[in-house]
Amino acid sequence: MSEHQLPPRPILKWAGGKNALIPQYAPHFPSGEAYRRYFEPFLGGAALFFFLQPERSFLFDLNEALIEVYTTIRDDVEGVITALEAHQNNRDYFYMVRALDPLALPPAERAARFIFLNRTCYNGLYRVNRRGQFNVPFGRYKNPTICDKAGLRAASRVLRNAHLEVADFAIVLSLAEPGDLIYFDPPYEPLSPTSSFTSYTSSGFARDDQRRLAETYRALDSRGCLLMLSNSSAPLIYDLYSGFYIHEISARRAINSKADGRGPITELLITNFCPGDAPAQA
């Protein structure tokens, strides 16, 4: 298979990434003919976007650095590849790169720094402190793939027609139209007081945000949009999305301080349609 035939795949490790769950999600996807445009307001690792490869897409996240990485890969993938090739999997080097001020770097080098840290940090986490500084320690991987040239080029191709923007999820209320497909993958409602991980940005994601998201979901449902949403199986989520199709998905905990806490867990995929019910668009 030539490089140009390789299917796109996630280029970043991401907490809560959905790549491993796609086989369970796939039976619930609408066909490509059933929706007009694709929206993803919590972009993260973008696993569904890369799997679906929509022709017209609008991708959002509050993480400015993340959106810039995807934008730079879309617009200057060769520059990112060149910058990534200079990086090395070494503990002292990792902390030197982590300490750099990203704003002092040109865009391609800034994107490469983000990818390098993501590929070599502990557990592939993205976590920032209250000052917005990346603070995950070195991961000690033996031979991580730092520069996946073919993967980056495949990602660039599918991002070519994507609109990327730093924005709150509610932006979809001003853009989405009947027949659009919108996938929400917010930070999950914690199952317990110690299970929360919402530090993708310095602001976090609170219970009031979960309620605001559910209100947005219902407003878009009334508009005639096709909706999918992932979240934990916390009681609040069942309550907020009562009346919709709630599919239980078997996942594994990817983030836990104890290895025995990374076993199977039930997550939810919530849709406002069954695949056979989604109308084909003219």
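For this structure, a couple of remarks:
- Overall form of region 84-153 per C-alpha gyration tensor (a/c, 1.5; a/b vs b/c): oblate
- Sequence-distant residues sharing a close amide H with Leu164 (under 5 Å, placed H): Leu59
- Backbone N within region 163-184 under 17 Å of label point (7 Å from Ser222 Cα along the Cβ vector): 170-179
- The modelled label-to-label distance between Ile22 and His247, using points 7 Å beyond Cα along the C-beta direction, is 1.5 nm.
- FRET efficiency for Asp75 and Met96, using Cβ-Cβ distance with R0 set to 30 Å, rounded to 0.05: 0.65
- Label positions at Asn161 and Lys149, each projected 7 Å from the Cα along the C-beta direction, are separated by 2.8 nm.
- Rg/Rh, computed from the Cα trace of region 117-240 with Rh as the Kirkwood radius, has the value 1.02.
- Residue-by-residue Karplus 3J(HN,Hα) for region 136-147, coefficients 6.51, -1.76, 1.60, Hz, glycine and proline x: 7, x, 4, x, 6, 6, 5, 8, x, 7, 7, 10
- Charge tally in the Cβ shell below 12 Å around Leu59, where Lys, Arg are +1 and Asp, Glu are -1, Leu59 excluded: -1
- Neighbour net charge for Glu40 - beta-carbon separation under 15 angstrom, K R +1, D E -1: -1
- Percentage of interatomic Cα-Cα distances in region 38-91 larger than 17 Å: 48
- Interchain or long-range residues, amide H under 5 Å from Ile265's placed H: Ala251, Arg252, Arg253
- Straight-distance candidates among the aspartates and glutamates for linking to Lys18, with alpha-carbon spacing under 18 Å and chain neighbours fewer than 8 residues away dropped: Glu40, Asp61, Asp185, Glu189, Glu248, Glu267.
- Helical contribution to [θ] at 222 nm, DSSP H n ≥ 4, -39,500 (n - 2.57), averaged over the chain, rounded to 500: -9500 deg cm²/dmol
- Calculated FRET efficiency, Glu85 to Ser174, Cβ-Cβ distance, R0 = 45 Å: about 0.65 to the nearest 0.05.
- Stokes-Einstein D in µm²/s, Kirkwood radius over Cα pairs - the chain at 20 °C with 1.002 mPa s viscosity: 109
- Between Arg131 and Glu55, the contour length at 0.36 nm per residue exceeds the Cα-Cα span by 23.7 nm.
- Amide proton proximity set for Ser233, modelled H, under 5 Å, gap of 5+: Leu268
Rule-based calculations on the coordinates, nothing more; no lab input. This one's a predicted model, so the numbers in the text were calculated from it and none came from an experiment. Every residue, glycine among them, receives a Cβ derived from its backbone with ideal geometry; neighbour counts consider all protein chains shown.
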